[in-house]
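The values are calculated or read from the model by the stated rules, or taken from the named source; none is laboratory data. Keep in mind it's a predicted model, so treat the numbers as computed, not measured. Positions of Cβ are backbone-derived with ideal geometry, glycine not excepted, and every protein chain shown enters the neighbour counts. Remember, those area values only see protein heavy atoms, side chains included, never the ligands or the DNA or RNA. Shrake-Rupley method; radii C 1.70, N 1.55, O 1.52, S 1.80 Å.
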Amino acid sequence: MSTDPSSGDLARARGLLEDAARVFILTGAGISAESGVPTFRGEDGLWRSYRPEELATPQAFRKDPRLVWEWYAWRRGKVSDCEPNPGHRALARLALARPARIVTQNVDGLHEVAARDEADGSDWSAASPLELHGSLFRVRCTECAYHGRDRADIDATDRDTLPSCPECAALLRPDIVWFGEALDPLVLSAAFDEAREADLCLVVGTSAVVQPAASLPRITREAGGSVIEVNPQTTPLTDFADVALKGPAGIVLPTLMGD
Ligand code: OAD
């Protein structure tokens, strides 16, 4: 399949996008690959260098919060050096211009940066993503109900230097969904509502193997909508999609949107 604007697939995808009254956008690690953020399952995927069960679990945090924070401090630092790519920017412009909702599995905060940039001082909330798996730039208290946004550097040299709650002084943790933890039910139900209400689901850069996110495109389809996939590789969704545009998001999305 080609990303050439004259190709039949691209023309079909453009038609679906133009006709859609409401668009549901589901993204995964692939949208950020061209920004330099490693994906989870690719050749250089994050999980190849680190064993997730040692770091991204509540048990690991209870056992050694310093080590887990050190890993998240490293990830936060790495992602802070990355910038949104033309794929993030095209999606932000779409969501600012038309009824659309971005739902992401990513924790890198790049959709938010793109939304702020593209809104250029105006209200960017229409392009603010629903973050299914949390964010590297959010924290929550291990004891009380405190939640907050936090872009500060983390000092993980010692247990005593780790971030603490401004309300009760207990240890803060990354506000990220770890292995063995459930997704926030309110966020999840909002995502299912968005998927159901849309007449087009645009799935970008996800291997579509992690539930429940992987089933969201099927919700749009069951409700009568169409599905477009943007991914250089084949996934379990490729045959199911009405159109599969095989290519990198940073090239395909701006082309799809006629930028
Ligand atoms: P994966 O790493 O599983 O999949 C990334 C997908 O992006 C693959 O299908 C690639 O082919 C595709 N891809 C790579 N480069 C791309 C590009 N330039 N443009 C478009 N697509 C590209 O990442 P996810 O599907 O996001 O969960 O993984 C889902 C969840 O698995 C993550 O959120 C994480 C992990 O366990 C948690 O941490 C809870």
All positions within segment 223-256 that are touching a residue at least 12 places away in the same chain (Cβ under 8 Å), open to solvent by 40 Å² or more (accessible area, probe 1.4 Å) and away from the ligand (no atom under 12 Å from the Cβ) = Ala223, Gly224, Phe240, Asp242
Are any residues in segment 67-83 without any contact (Cβ under 8 Å) to a residue 60 or more places away in the chain and among the basic types (Lys, Arg), and if so, which ones?
-> Lys78
Filter segment 216-259 down to residues that are outside any loop (DSSP other than H, G, I, E, B) and of a type outside the set (A, V, I, L, M), then give me how many there are.
-> 10
Candidates Pro174, Pro166, Pro212, filtered to the one that is open to solvent by 10 Å² or more (accessible area, probe 1.4 Å) and within 12 Å of the ligand (Cβ to nearest atom) = Pro212
In the list Glu43, Glu53, which residue meets the criterion of being at pLDDT below 95, more than 14 Å from the chain's Cα centre (by Cα), among the acidic types (Asp, Glu) and within 11 Å of the ligand (Cβ to nearest atom)?
-> Glu43
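Might you check whether a residue that is among the basic types (Lys, Arg) and within 19 Å of the chain's Cα centre (by Cα) occurs anywhere in segment 220-230?
Within segment 220-230, the subset among the basic types (Lys, Arg) is 221.
Now drop any that are not within 19 Å of the chain's Cα centre (by Cα), which leaves none.
For segment 220-230, residues among the basic types (Lys, Arg) and within 19 Å of the chain's Cα centre (by Cα): absent.
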Matching residues in segment 1-40 - criterion: being of a type in the set (Val, Ile, Thr) and either within 12 Å of the ligand (Cβ to nearest atom) or at pLDDT below 85 (or both) = Thr3, Thr27, Ile31, Val37, Thr39
Going by the conditions given, is Leu136 within 13 Å of the ligand (Cβ to nearest atom) and either closer than 21 Å to Ala208 by Cα or hydrophobic (A, V, I, L, M, F, W, C) (or both)?
-> yes
Before we move on, is Ala191 of a type in the set (A, V, I, L, M, F, W, C), touching a strand residue (DSSP E or B) at 6+ places or on another chain (Cβ under 7 Å) and within 16 Å of the ligand (Cβ to nearest atom)?
-> yes
Index of the failed condition, Val139 passing every other in (1) open to solvent by less than 10 Å² (accessible area, probe 1.4 Å); (2) touching an Asp or Glu at 6+ places or on another chain (Cβ under 8 Å); (3) in the same structural domain as Leu16 (by TED's automatic domain parsing) = (3)
For segment 176-183, indicate whether the set of residues that are of a type in the set (A, V, I, L, M) and free of Cβ contacts under 8 Å to residues at least 12 places away in the same chain is non-empty.
-> yes
